[in-house]
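Trainee: Below: one structure in structure tokens.
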Amino acid sequence: MGAWSVTDALSPAARLALDEALERDMARGGFARNGAVAVIGDGALAAAVHGRFAASVRVFDEHTPVHTIAPDGCARHGLDAELVSGVTLVVGELPRTLAGVDEIAGLVARFADPDVLVVLAAREKDLERGMNDQLRDSFAEVSASRGRHKARALIASSPRPAPSPPYPRSELAGGLEFPIAAHGAVFAGTRLDIGTRALLDVLPAQLDAAALAAHPTVVDLGCGTGVLAVWTARHLPGARVIATDRSWSAVSSASRTAQLAGVADRVDTVHADAGEGIPDRSVDVVLLNPPFHDGRAVIDDMAHPLFRAAGRMLRPGGTLLTVYNSHLKHRGALERIVGPTSQVSRTPKFTVTRSIAR
Ligand SMILES: C[S@@+](CC[C@H](N)C(=O)[O-])C[C@H]1O[C@@H](n2cnc3c(N)ncnc32)[C@H](O)[C@@H]1O
């Protein structure tokens, strides 16, 4: 058996991106060696890139907070100008959404070295034809690698002088009184999701019914663009609101949405998995519009870690308001994990429930 190497920890897409980047950089004379390289991916890919290029590595990992320790020779960044300024190579995994690809492409074209080479890969089943077009908006040269282990890389170079406009973008939508700000990879973008709308429709009456103290703590768990958090901060001026999500794009969007609505001083944002770090039994109300699919796969119990998180952080007697697709039948799990659960509203598409924490 051969010795373990850091590349063993990489997904087939990350490994393909790394190999393609090495080969193509070598073909242009090893330009990226000893310079700065931006990595879109996890710590294992960042460490592998550092090992192969001996370059200083800046890494953006959507699901790891920026303050988390990075591998040697690597520094964590948000998806911002500092991540890519002056880099000659961007290597990593493609975001799952077209807008996510658009955001990275525009950022790189705007701030990287004009000779930058971009090598981003994905599983073939996650690739969409439109991703090439998104890259073409910001780069004159775009091509695809050959497939390997069911993964494929998209390669871009020659940034355009007027790339795709910057993110986060913001828009007044869905009859809200404040604009929604959104990075490319965030759920629903600058639109108001119809599930979120279903929860907003019942929220004033439910917050009244919760008979809250003067300064309640409310958590928007899995906050996306922060619509529920910001709406609540405006509706309950005495409340402390926490908007939390495991995605950097979500938390950063929520922070901007709060700023645009003038409530940034009362909406704290926390980048964490399942609200980690929010103390047990410290919260009066949790608002939850949980995920129900991973990429294209619909997974019934995907919301359960968030139900457990809500049950953990709510004080006894605290309220969890959940909206979900009616076919999911989450009520039994909510009863079991959080406490007595009743139906607040139901349409063929969406159900809203109220659970009272034990
Ligand atoms: C259906 S979206 C709802 C977003 C927002 N609350 C709204 O109503 O527009 C679900 C959100 O949960 C987040 N999420 C999924 N799993 C999570 C986890 N384990 N911890 C924190 N957030 C999570 C996703 O990143 C996504 O932003």
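Bear in mind that the values in this text are calculations on the coordinates, not laboratory data. Please read these numbers as outputs of a predicted model, since none were measured by experiment. Quick reminder, even Gly has a Cβ in these numbers, built from the backbone with ideal geometry, and neighbours come from all protein chains shown.
Trainee: Hey, which lysines would be in cross-link range of LYS125, C-alpha to C-alpha under 22 Å, not counting anything within fewer than 8 residues on its own chain?
Mentor: LYS150
Trainee: Placing +1 on the Cβ of each Lys and Arg and -1 on the Cβ of each Asp and Glu in the chain, which of ALA99, GLY226, PRO316 has its Cα farthest towards the positive end of the resulting dipole?
Mentor: Looking along the dipole axis, the top candidate is PRO316.
Trainee: While we're looking at this one, here's another question. Can you tell me the orientation of helix 248-260 relative to the chain, as the angle in degrees between its alpha-carbon axis and the longest Cα principal axis, to the nearest 10?
Mentor: The angle comes out near 60 degrees.
Trainee: Averaging over all projection directions, find the projected area of the Cα convex hull of the stretch 54-119 and quote it in nm² with one decimal place.
Mentor: Result: a mean projected hull area of 4.5 nm².
Trainee: For the stretch 6-159, what are the per-bin percents of Cα-Cα distances with bins 5 Å wide, up to the bin holding the maximum?
Mentor: Once binned at 5 Å, the Cα pair distances of the stretch 6-159 give 2, 11, 21, 26, 23, 13, 4, 0.
Trainee: Efficiency by 1/(1 + (r/R0)^6): what FRET value for ARG240 and ILE356, r their Cβ-Cβ distance, R0 = 30 Å, to the nearest 0.05?
Mentor: 0.90
Trainee: Could you work out the pair-distance distribution P(r) of the stretch 247-290 from its alpha-carbon pairs, with 5 angstrom bin width and percents rounded to whole numbers?
Mentor: Histogram of Cα-Cα distances, whole percents per bin: 5, 19, 23, 29, 19, 5, 0.
Trainee: Here is a follow-up. For the stretch 6-159, what proportion of DSSP beta bridges, expressed in % and rounded to the nearest 5, is antiparallel?
Mentor: Counting only bridges with both partners in the stretch 6-159, antiparallel ones make up about 45 percent.
Trainee: Would you grab the residues whose amide H sits under 5 Å from the one on PHE350? Only those 5+ places off in sequence or on another chain, please, with H modelled 1.01 Å from N.
Mentor: Under 5 Å from the amide H of PHE350 lie the amide H atoms of SER326, each far enough along the sequence or on another chain.
Trainee: Leaving out same-chain residues fewer than 8 places away, which lysines sit with a Cα under 17 Å from that of LYS349?
Mentor: LYS329
Trainee: Given 5 Å bins starting at zero, what is the percent of C-alpha pairs of the stretch 209-267 in each, up to the one with the largest pair distance?
Mentor: 4, 23, 32, 23, 11, 6, 1
Trainee: Stick to Cα atoms and the Kirkwood definition of Rh, then tell me Rg/Rh for the stretch 247-327.
Mentor: Checking Rg against Rh, the ratio lands at 0.99.
Trainee: State the antiparallel share, in %, of DSSP beta bridges confined to the chain, rounding to the nearest 5.
Mentor: Taking every DSSP beta bridge within the chain, about 45 percent pair in antiparallel fashion.
Trainee: Same structure, new question: Provide the per-residue ³J(HN,Hα) series for the stretch 167-176, in order, calculated from phi with Karplus coefficients 6.51, -1.76, 1.60 and θ = phi - 60°, each as a whole number of Hz, with x at glycine and proline positions.
Mentor: 10, x, 9, 9, 7, 7, 8, x, x, 6
Trainee: Counting other Cβ atoms within 10 Å, which trypsin sites (Lys or Arg not before Pro) in the stretch 99-154 have at most 13 and lie in a DSSP loop?
Mentor: Those that pass, being in a loop and sparsely packed, are ARG146, LYS150.
Trainee: Okay, next question. Viscosity 0.692 mPa s, temperature 37 °C: what is the translational diffusion coefficient of the chain from Stokes-Einstein with a Kirkwood Rh over Cα pairs, rounded to a whole number of µm²/s?
Mentor: 153
Trainee: What is the antiparallel percent of DSSP beta bridges lying wholly in the stretch 203-317, to the nearest 5?
Mentor: Here the antiparallel bridges make up roughly 10 percent for the stretch 203-317.
Trainee: So, one more: Find the percent of Cα-Cα distances in the stretch 169-356 that exceed 30 Å, and round it to a whole number.
Mentor: Counting pairs separated by more than 30 Å, the tail of P(r) holds 9 percent.
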